[in-house]
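The values are calculated or read from the model by the stated rules, or taken from the named source; none is laboratory data. On a predicted model such as this, the values are computed, not experimentally measured, just so you know. As a convention, Cβ positions derive from the backbone with ideal geometry for all residues, glycine included, and neighbour counts pool all protein chains shown.
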C-alpha cells in the first residue's frame, strides 16, 4: 500500500474568509492585531539594518529626546512595561553611545537618561520607520476613529495584563 501525502488546508481549497464564512468579531480583531504585530516586527528589523536601532529602541530614543533626564521607571510607565523589561534595551543604547546614563543626585539608585549627539541624530521622524508609517496611516483616518482605536487597544492591554 502506498502512502499519500496529506494536503495542507490551503491546498484543499479552504480559501479566504468571505461573507458566508466569517471569522467572527473576536477572531477577526485578533487576526488584525497579529497582522499589525507582524508588520511592526518586520519594520523593526528593517530599521535595525537601516538606522541602527529597532522600533522599541527608537521609541525610547524619541521619549528620551522629549524628556531629557527621564528615569527608567518613568520610561517604563509611558511604555506600559515593567522596568526590568527595559533594562537590557537601555544598557544596549548606552553601550552603543546613543544614550547617556547618570545617577540621580537625589536618589543614587535611580538612573536618568539623556541623548548623546548620536542619539539626537536619531531623534527625528524618518521615512522607513514605524512612526513615519503610523503618521501616514493616522492622517488618513478621522480623529474620532483614532481615539476609539487607541481606547480599544488600551483596554485590551489592561485586560491582557489582568488589570482591566
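Among the residues of region 10-20, are any part of a loop (DSSP other than H, G, I, E, B) and modelled with pLDDT of 95 or more? Before you say what the answer is, go through the steps one by one.
Filtering region 10-20 for residues part of a loop (DSSP other than H, G, I, E, B) gives 10-17, 19-20.
Okay, now just the ones that are also modelled with pLDDT of 95 or more, so none.
No: region 10-20 contains no residue that is part of a loop (DSSP other than H, G, I, E, B) and modelled with pLDDT of 95 or more.
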Within region 39-62, is there a residue that is out of contact with any helix residue (DSSP H, G or I) (no Cβ under 6 Å at 6 or more places or on another chain), over 20 Å from residue 128 (Cβ atoms) and not in a helix (DSSP H, G or I)?
-> no
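For residues in region 117-155 being within 15 Å of the chain's Cα centre (by Cα) and touching a residue at least 60 places away in the same chain (Cβ under 8 Å), which is surrounded by the most Cβ atoms within 10 Å (Cβ to Cβ)? Spell out the reasoning first.
If we filter region 117-155 for residues that are within 15 Å of the chain's Cα centre (by Cα), which is where we start, we get 128-135, 150, 153-154.
When the remaining residues are screened for being touching a residue at least 60 places away in the same chain (Cβ under 8 Å), the result is 128-131, 133.
On the way: 128: 13, 129: 23, 130: 18, 131: 16, 133: 14.
Here the answer is 129.
Please go through region 94-114 and pick out each residue that is in contact with a helix residue (DSSP H, G or I) (Cβ under 6 Å, 6 or more places away or on another chain) and within 18 Å of residue 48 (Cα to Cα).
The first filter runs over region 94-114 and keeps only residues in contact with a helix residue (DSSP H, G or I) (Cβ under 6 Å, 6 or more places away or on another chain), leaving 97-99, 101, 111, 113.
Scanning region 94-114 gives 97, 98, 99.
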Does residue 160 count as modelled with pLDDT under 95, over 14 Å from residue 68 (Cα atoms), out of contact with any helix residue (DSSP H, G or I) (no Cβ under 8 Å at 6 or more places or on another chain) and exposed (fewer than 10 other Cβ atoms within 10 Å of the Cβ)?
-> yes
